[in-house]
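Some notes on the structure that comes next.
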C-alpha cells in the first residue's frame with residue numbers, strides 16, 4: 001500500500017508550526033530528519049550551527065548535539081524524539097494512519113541507520129586529513145558564518161576530526177572503515193531483495209532514514225566510493 005499522503009491543507013497547517021532544524025550539514029541524524037520532512041513536503045527552515053562554538057543551539061537549549069528542532073515553539077532534541085514529535089504533528093494535521101510507514105520493520109531499519117550506518121560515516125569521512133578537510137569544507141558555503149568562523153572550523157575542526165578518527169574506530173571495533181561501510185550498505189541492499197524499497201513499492205521510515213544518513217556525505221570521496229563499490233546508487 002502507498003504511504004499516507006498529507007493533504008495541502010495539512011501541509012499548510014504544519015507550515016504554521018514554523019519548524020526549524022538546527023544542524024551541521026554533514027550530520028547524518030540531521031539529514032534523516034530533513035529527509036522525512038522532504039518526503040512529506042513539509043516546510044521547514046534550517047539554521048547551520050557553528051561546530052566549534054555551538055552558539056546557535058546554546059541560545060535555545062543546553063543540549064550539546066544536533067539535531068535540535070523547534071516545532072511550534074517546542075524545543076525537541078535527539079533525532080528519534082524529533083521523529084516521534086513530527087509523526088504526532090503530521091497525524092494531528094491530517095488524521096492519517098502512519099502505522100505502515102512506521103511499522104516495526106521500518107523502526108528496526110531506522111535503528112540500523114542510527115546505530116550502525118551513521119556511526120560508520122565519521123571514520124570514513126576523516127580517514128585521512130584530506131578527507132577530513134573535504135568534509136569540513138561545507139562551512140565555506142554557510143552565509144551566516146564569518147570569515148573567521150570558516151577559517152577556524154576548517155583549520156581546527158578538520159584537524160580535530162582527523163585526530164579523533166582512530167579513537168572512534170577503536171570504540172566501535174572498526175578495522176577497515178571502508179569495508180565496514182560497504183558491508184553495512186550491502187546488508188541493506190540484501191534486505192531490499194527484489195523490492196524497490198523496504199516498504200515494497202513505496203518507501204517506509206527505514207528507507208527514509210537510510211537515505212538521509214547516506215545523503216549526509218554526498219559529494220565526498222566516501223560517497224563516491226560507496227556508489228562505485230555497491231549497488232546503492234540507483235536506489
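Where a number appears in this text, it was derived from the coordinates with a stated rule and is not lab data. Every value quoted in this text rests on a predicted model; they were computed, and no experiment measured them. As a convention, Cβ positions derive from the backbone with ideal geometry for all residues, glycine included, and neighbour counts pool all protein chains shown.
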- How much length, in nm to one decimal, is gained on full extension between residue 15 and residue 55, taken as 0.36 nm per residue of separation minus their Cα-Cα distance? 11.8 nm
- Message: Can you tell me the length gained on complete extension of the stretch residue 7 to residue 92, counting 0.36 nm per residue apart and subtracting the Cα distance?
- Response: 29.4 nm
- Once you've got the GNM for the chain with C-alpha springs shorter than 10 Å, pick whichever of 34, 169, 187 has the biggest mean-square fluctuation. 187
- Task: Between residue 128 and residue 84, with labels modelled 7 Å along Cα→Cβ, what's the label distance in nm to one decimal, could you check?
- Result: 4.3
- For every helix of n ≥ 4 consecutive DSSP H residues, a contribution of -39,500 (n - 2.57) applies; sum these over the chain, divide by its total residues, and give [θ] at 222 nm rounded to the nearest 500 deg cm²/dmol. -15500 deg cm²/dmol
- Item | Angstrom value of the Kirkwood radius, inverse mean 1/r, which spans all Cα pairs in the chain | 18.6
- Ratio of the Cα radius of gyration of the range 175-226 to 2.2 N^0.38 Å, where N counts its residues: 1.21
- Message: Looking at the chain only, what percent of DSSP beta bridges run antiparallel? Nearest 5 please.
- Response: 65
- State, as an integer percentage, the relative contact order of the chain based on alpha-carbon contacts under 8 Å between residues 6 or more apart. 27
- re the range 119-235: pairs of Cα atoms spaced beyond 26 Å account for a percent value of 29
- In this structure, the FRET efficiency calculated for residue 74 and residue 187 from their beta-carbon separation, with R0 = 30 Å, to the nearest 0.05, is 0.25
- Pairwise centroid distance, computed over Cα atoms, of the range 1-54 with the range 158-235, Å: 21
- Percent RCO, i.e. relative contact order, over the range 98-235, from Cα pairs under 8 Å lying at least 6 residues apart: 39
- Task: Would you mind computing, in nm to one decimal, how far apart the modelled labels at residue 38 and residue 168 are, each placed 7 Å from Cα along Cα→Cβ?
- Result: 2.1
- How do 71-77, 117-123 rank on mean C-beta neighbours within 10 Å, highest first? 117-123, 71-77
